[in-house]
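S.K.: Just dropping this structure here.
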Number of protein chains: 2
Amino acid sequence: MKEERRGMLIVISGPSGTGKGTICARMLEEDKSLVFSVSATTRGPREGEKEGVHYFFITEEKYDELLAQDAFLEHATVHGHRYGTLKSQVQKMMDAGYSVVLDIDPQGAKQVMKQQEDCVSIFILPPSYAELRRRLRTRNTDDPVEIERRLGNARGEIEQMEKYRYAVVNDDLDAACAQVRAIIQAEKQRTTRYFPVVE
Amino acid sequence: MKEERRGMLIVISGPSGTGKGTICARMLEEDKSLVFSVSATTRGPREGEKEGVHYFFITEEKYDELLAQDAFLEHATVHGHRYGTLKSQVQKMMDAGYSVVLDIDPQGAKQVMKQQEDCVSIFILPPSYAELRRRLRTRNTDDPVEIERRLGNARGEIEQMEKYRYAVVNDDLDAACAQVRAIIQAEKQRTTRYFPVVE
């Protein structure tokens, strides 16, 4: 059986504290056809970080140049440092047959979905705001004000859920991973990217 | 966690001999949210067939009337008897939260996909024409001429695979069922029909 598969762009997003990072890590661990996208950043490498593996470390000038060329699928400034996902980088991985996973906040996801309408966008939800507050408290050293700010953001983000193709509630992690796994498996069978040849 | 789910229309099609019937039966057996659509027909009930369970048995006049009203999602004449899937019937089941499975040949599938663009259409392929010939020989009492006619049809049908949303090769039955299962599971998470409410 001859067959050809094209890679896809998978956008996994959701409010801070919903566990999207854990879900992404699990998916990549078990499916070798998935890769994380490597971002470009203007900050310097930290101990152990390798060029092209963790980030592409670039100068402010280079970043401005790429921005002017509309080279980013999404970009953001965090604590004064700039980060961006290069379209060329994502395309390169997809051309090589890999599916690229973007673990990204809803603001970034919005930018990506606008530019790549055929991306596989998955929105991860918390089971309740009370549980989200609990998770934010447990895992962050954030002060209560910061936690309430994130909860406020979550409400606005959840209202825009229908912009995503799929929604998954992360109540039980194993169940949420099973749903995301099924979505990825299903999307691999789309006739737009799966080409079996019957001979 | 409050949530609401809307049912969907699942069209499973493919050339004669690919095993789509077996796959459909398995899916319905394991997932109680799935139901087969009940067709209307002009032929009389056979031993044990019940009105509204196996078919809706209707007169030729009633069939003509429904046809004139554009009441069918798809319809066909087989051995002089007419069969059709009623839109109202499918809608009723979907409104009740069920997903309706249509196990149907590619000609019927084409009619359905034209009318219901958001249906979940899955095309089942044989691993090879040699294997398809073998399966047709094993399971049919058909003469060689009929088998070759079906193989010819299969070639034409497989060429139109891209009209379907998904393609699944039925080489190993368990593997094919796993792919169809993932597709149904994924489609249940679509934000167009899944509405989780975070409180």
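We did not get these values from a lab; they are worked out from the coordinates using the rules stated. Given the structure is predicted, the values throughout are model-derived calculations rather than measurements. Counting neighbours? That spans all protein chains shown, and the Cβs are built from the backbone with ideal geometry, glycine included.
S.K.: Given H placed on each backbone N at 1.01 Å, which residues far from B:ASN170 in sequence or on other chains put an amide H within less than 5 Å of it?
M.R.: B:LEU125
S.K.: Each label point is 7 Å from the Cα along the Cα-to-Cβ direction; what then is the distance between the points at B:ARG26 and B:LYS50, in nm?
M.R.: In this crude spin-label approximation the distance works out to 2.8 nm.
S.K.: If you count the DSSP beta bridges with both ends in the protein assembly as shown, what percent of them are antiparallel, to the nearest 5?
M.R.: 40
S.K.: From the phi angles alone, apply the Karplus equation (6.51, -1.76, 1.60; θ = phi - 60°) to the range B:173-183 and give each ³J(HN,Hα) in whole Hz, x where the residue is Gly or Pro.
M.R.: Values per residue, Gly and Pro as x: 4, 4, 5, 5, 4, 4, 5, 5, 4, 4, 4 Hz.
S.K.: Can I ask one more? Among B:ALA130, B:CYS24, B:ILE183, whose Cα lies farthest out toward the positive end of the dipole of the range B:2-191, if unit charges sit on the beta carbon of Lys, Arg (+1) and Asp, Glu (-1)?
M.R.: Value: B:ILE183.
S.K.: Sticking with this one: Of B:CYS119, B:HIS54, A:VAL120, which is farthest on the positive side of the dipole of the protein assembly as shown, counting Cα position, with +1 on Lys and Arg Cβ, -1 on Asp and Glu Cβ, and the Cα centre as origin?
M.R.: Value computed over the given set: B:HIS54.
S.K.: Whose amide H sits under 5 Å from the amide H of A:LEU102, counting only residues 5 or more places off or on another chain, with H placed in the peptide plane?
M.R.: A:ILE10, A:VAL11, A:ILE12
S.K.: Need one word for chain A: rounded, prolate or oblate. Basis is the Cα gyration tensor (sqrt eigenvalues a ≥ b ≥ c); a/c below 1.5 gives rounded, then a/b vs b/c decides.
M.R.: oblate
S.K.: Sticking with this structure for a sec: Between B:ALA68 and B:ASP174, what is the FRET efficiency for a Förster distance of 45 Å, r being their Cβ-Cβ separation, to the nearest 0.05?
M.R.: Taking R0 as 45 Å, the efficiency between B:ALA68 and B:ASP174 is 0.50.
S.K.: Among the GluC sites (Glu not before Pro) in the range B:78-153, which ones are in a DSSP loop with at most 13 other Cβ atoms within 10 Å of the Cβ? Mind listing them?
M.R.: Hits after loop and neighbour filter: B:GLU117.
S.K.: Also: Explain nothing, just compute: Karplus ³J(HN,Hα) = 6.51 cos²θ - 1.76 cosθ + 1.60, θ = phi - 60°, for every residue of the range A:36-52 in order, whole Hz, x for Gly and Pro.
M.R.: 7, 7, 9, 8, 9, 9, 8, 7, x, x, 8, 2, x, 7, 10, 4, x
S.K.: Compute the length gained on full extension between B:ARG134 and B:LYS114: take 0.36 nm times their separation in residues and subtract their Cα-Cα distance, giving the result in nm to one decimal.
M.R.: Result: 4.0 nm gained on full extension.
S.K.: So, one more: Rounded to the nearest 500, what is the protein assembly as shown's calculated 222 nm mean residue ellipticity when only DSSP H runs of at least 4 contribute -39500 (n - 2.57) each, over all residues?
M.R.: Helices in the protein assembly as shown give a 222 nm mean residue ellipticity of -12500 deg cm²/dmol.
S.K.: Sticking with this structure for a sec: Using the Cα centre of chain A as the reference point, and only Cβ charges (+1 on K/R, -1 on D/E), how large is the resulting charge dipole? Debye, rounded to the nearest 20.
M.R.: 240
S.K.: Can you tell me the relative contact order of the range A:2-197? Whole percent, Cα pairs under 8 Å, sequence separation 6 or more.
M.R.: So the answer I get is 35 percent.
S.K.: Write down the percent of antiparallel bridges among all DSSP beta bridges whose residues are both part of chain B, to the nearest 5.
M.R.: Counting only bridges with both partners in chain B, antiparallel ones make up about 40 percent.
S.K.: At 7 angstrom along the Cα-to-beta-carbon line, where would the label on A:ARG134 sit relative to the other copies? Give the distances in nm, shortest first.
M.R.: 5.5
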